[in-house]
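Note sheet for the following structure.
The values are calculated or read from the model by the stated rules, or taken from the named source; none is laboratory data. Keep in mind that this is a model prediction, so the values were computed, not measured. Using ideal geometry, Cβ is built from the backbone for each residue, glycine included, and neighbour counts are taken over all protein chains shown. All accessible areas refer to the heavy atoms of the entire protein, side chains included, with ligands and DNA or RNA removed. Shrake-Rupley method; radii C 1.70, N 1.55, O 1.52, S 1.80 Å.
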Amino acid sequence: MSVSLHQLRDRFAGSVVELLLDAAIASPDRRALVCEAKEIDYRTYAHASLSLAVELLGQKPVKGRIGTIIANSIDACIAHFAVMAAGAQLLPMNPAYTARELAYQLEDADLDLVLADATLQTVLEPLLSRLGIQAIWVGHEGRYLADTPLADASALPGIDPGSLGILQYTGGTSGKPKGVNLTHASLRANVQQREAVLPTREDEERILCTMPLFHSYGMAMGLYLSARCRGTLVILPAYRREALLEAIEAHAITIFPGSPTIYIGLLDHPKITTTNWHSVKTCYSGASALPVEVLNRWRSIVGVPIFEGYGQTEAGPVLAYNSPHAAIKAGSVGHALPDTEIEVVDIETGRSVMPQGMSGEIRARGPQIMQGYRNLPLETSEALRDGWLYTGDVGVFDEDGYLYIQDRKKDLVIVGGYNVYPREVEEVLLLHPEVIEAAVITRSDDYRGQSLHAFVVLRRNGTCRADELLDHCAQNLAKYKLPAHIDFIDALPKTSVGKIDKKALNLASECTTVRSNT
């Protein structure tokens, strides 16, 4: 590399690429990435990313957007930073998607090139050929990006922090996913904001990455976090409870970012109490709301608190977090990050700020907020108004300024003229000792307008009946909030990033019910 990392660093100032170069300069020999039997240090990590960036630059990306379709691996991390270092906008995609699901994103993004797992070549080649998109195949039967020959990186132009860094498509659990445009500056700002609230120890952290690296939460709380603190990112190729518990001990993990689905699953695993958690200092939760009962059980069994946060793809992605510097309030997502304003406004117009203790739509502004949705001017104008991001989430502030997320605005149910938030009912169901997961959706009701339909997963060998659960709910909820239907199922359907898929539940409720209280 004819120019040094020190010389290159200034070209990437204000971007997350700068974090990687800083780590390689300060701690070149420190283990950066570990995945199964493979590992690389920060020197190799930076050199491989920059050398691949040179190669990508040579492809002359006319449209300026390059996609990655790579499962959790060392390759996924190198490709991520390489695309950015080449000055292209990165589109990270889910490798578990079918060709039909990928086609929408590929066409909407109008890409030049993709880096994809070689195992997907048979599935992807016809689609990429039809769209005129070139591919670089990586991993098994392809090439390993850590082995990319060292290239002269002097031709890399660097990054304008104000330019677009990522095109991140939302989950699309209702309707088609929307492409969120985020700048390099917004991504970097969010890393610094998170660090101010959840500080890390440089050269000491070992972070377990079980969340998908194509997802905004996996990027923010895994990929970027590890580079920022020069930590070791231990990557699990896929989420398996047994492998996760083994990795906690084998790598003496210090930071464990998880999701409600992961925490719930681990709490139901017989080895949760025999695993040595002593190295773990911090647990994070994101991606979806964490039930209070799960937080409490985790702390009592594991002995480590879970710091829950709040955000969304459109917010780069983090807006608020609980912090070790303040008291944790069960059910709250804490306070707004530095340089972030959060308000709760009336749901109807979004103009009137609600008083403390009153519910409303959450809106936010700060340096991490998106530029808008790709090719969707109407949706952009609805989400971004007068400098505020309208999140579509319903929340409330308590007397100490702690934010509580109650539900999605679109999930608000009106039963007999009363407002009901399904999440409140789910929280009550989870208080029952035999319930491990619960989800509540709405059904049309000729008498009340809408009614509640609960899906419940019981613990192993659970024998609870629907009438028992109804009695339990009646002790904790007003009568109009009680579910009209309770179905027991073996597992709740999940999206690719572990969120409960209520769209699938709605379809299921229209088709059949089992063990119902109706």
Task: Distant alpha-carbon pairs in the stretch 329-386 (separation over 19 angstrom), percent - done: 43
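Using just the Cα positions, wrap the stretch 97-197 in a convex hull and report its mean projected area in square nanometres, one decimal place. Don't jump to the answer; show the numbers that get you there.
Details: hull surface 38.0 nm².
For the stretch 97-197, the mean projected area of the Cα convex hull comes to 9.5 nm².
Reported to two decimal places, what Rg/Rh ratio describes the stretch 344-423 when computed on Cα atoms with Rh from the Kirkwood expression?
My calculation of the ratio gives 1.00.
Compute the normalised compactness of the stretch 1-144: alpha-carbon radius of gyration over 2.2 N^0.38 Å, N being the residue count.
Relative to the rule-of-thumb radius for its length, the stretch 1-144 sits at 1.06.
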Open item on the list: Suppose we keep just the alpha-carbon trace of the stretch 100-149; what are its Rg and Dmax in angstrom?
Closed with: 11.5, 35
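Remind me, relative contact order of the chain in percent, using alpha carbon pairs under 8 angstrom and six or more residues apart?
Details: 1079 pairs, mean separation 55.7, N = 518.
Relative contact order for the chain comes out at 11 percent.
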TODO: Hey, can you grab everything whose amide H is under 5 Å from the amide H of residue 407? Only 5+ residues off in sequence or another chain; H modelled, so Pro and N-termini drop out.
DONE: 394
Open item on the list: Return the equivalent ellipsoid semi-axes of the stretch 1-70 as a descending list in whole Å, where each equals the square root of 5 times an eigenvalue of the C-alpha gyration tensor.
Closed with: 22, 17, 11
- [ ] Treat each spin label as a single point 7 Å out from the Cα along the C-beta direction, and report the residue 39 to residue 196 distance in nm.
- [x] 3.5
Open item on the list: If amide hydrogens are placed 1.01 Å from N in the peptide plane, which non-local residues have theirs closer than 5 Å to the one on residue 68?
Closed with: 91, 93, 115
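Which whole number in µm²/s is D for the stretch 351-500 by Stokes-Einstein, with the Kirkwood Rh taken over Cα pairs at 37 °C and 0.692 mPa s?
186
Calculated from DSSP H runs of 4 or more alone, at -39500 (n - 2.57) each and per residue, what is the 222 nm mean residue ellipticity of the chain, nearest 500?
Numbers: 15 runs with 150 residues, N = 518.
One gets -8500 deg cm²/dmol as the mean residue ellipticity at 222 nm.
So what's Rg/Rh here for the stretch 382-470, counting alpha carbon atoms and using the Kirkwood radius for Rh?
On the way: Rg = 16.3 Å, Rh = 15.3 Å.
Using Cα coordinates only, the ratio equals 1.07.
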Task: Formal net charge of residues neighbouring residue 72 (Cβ-Cβ distance under 11 Å; K, R +1; D, E -1) - done: -3
Task: √(5λ) per eigenvalue of the Cα gyration tensor, the stretch 311-361, largest first, Å - done: 22, 15, 9
Task: Distance histogram for the stretch 243-314 (every C-alpha pair counted, 10 angstrom bins, percent rounded to whole numbers) - done: 19, 58, 21, 3
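Percent relative contact order of the stretch 42-192, based on C-alpha pairs within less than 8 angstrom and at least six residues apart?
Values: 251 pairs, mean separation 39.9, N = 151.
Once divided by the residue count of the stretch 42-192, the mean separation gives 26 percent.
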TODO: Take every DSSP beta bridge with both residues inside the chain and express the antiparallel ones as a percent of the total, to the nearest 5.
DONE: 60
TODO: Work out the length of the dipole vector of the chain about its Cα centre, built from +1 on the beta-carbon of each Lys and Arg and -1 on the beta-carbon of each Asp and Glu, and round it to the nearest 20 debye.
DONE: 240
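Tally Lys/Arg at +1 and Asp/Glu at -1 over every other residue whose Cβ is under 14 Å from the Cβ of residue 293; what's the total? All intermediate terms of the calculation are to be shown ahead of the outcome.
Details: positive: 297, 299, 423, 459; negative: 268, 308, 424, 426, 427, 434, 437.
Local charge sum for residue 293: -3.
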Open item on the list: If amide hydrogens are placed 1.01 Å from N in the peptide plane, which non-local residues have theirs closer than 5 Å to the one on residue 213?
Closed with: 72
Task: Estimated inter-spin distance, residue 110 and residue 150, nm [label 7 Å along Cα→Cβ] - done: 4.0
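What full-extension length gain, to one decimal in nm, is calculated for residue 480 and residue 275 as 0.36 nm per residue of separation minus the Cα-Cα distance?
On the way: separation 205, 0.36 × 205 = 73.80 nm, distance 4.29 nm.
Contour length minus the Cα-Cα distance gives 69.5 nm.
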TODO: Set Lys and Arg Cβ to +1 and Asp and Glu Cβ to -1, take the dipole of the stretch 55-196 about its Cα centre, and tell me which of 133, 187, 81 lies farthest positive.
DONE: 187
TODO: Kindly write out, for the stretch 105-118 in residue order, the coupling ³J(HN,Hα) from the Karplus curve 6.51 cos²θ - 1.76 cosθ + 1.60 (θ = phi - 60°), rounded to whole Hz, with x marking Gly and Pro.
DONE: 5, 4, 6, 5, 6, 6, 7, 8, 7, 10, 9, 9, 4, 4
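Enter the mean projected area of the convex hull around the alpha-carbon atoms of the stretch 425-472, in nm², rounded to one decimal. Don't jump to the answer; show the numbers that get you there.
Numbers: hull surface 14.0 nm².
Orientation-averaged projected area of the Cα hull: 3.5 nm².
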- [ ] For the stretch 194-268, evaluate the Debye formula with one uniform point scatterer on each Cα (no solvent term) and list log10 I(q)/I(0) at q = 0.13, 0.22 Å⁻¹, rounded to two decimals.
- [x] -0.35, -1.00
TODO: Please calculate the 1.4 Å probe accessible area of residue 488, with all protein chains present, and give it to the nearest 10 Å².
DONE: 20
TODO: Multiply the residue gap between residue 444 and residue 379 by 0.36 nm, knock off their C-alpha separation, and tell me the result in nm, one decimal place.
DONE: 20.7 nm
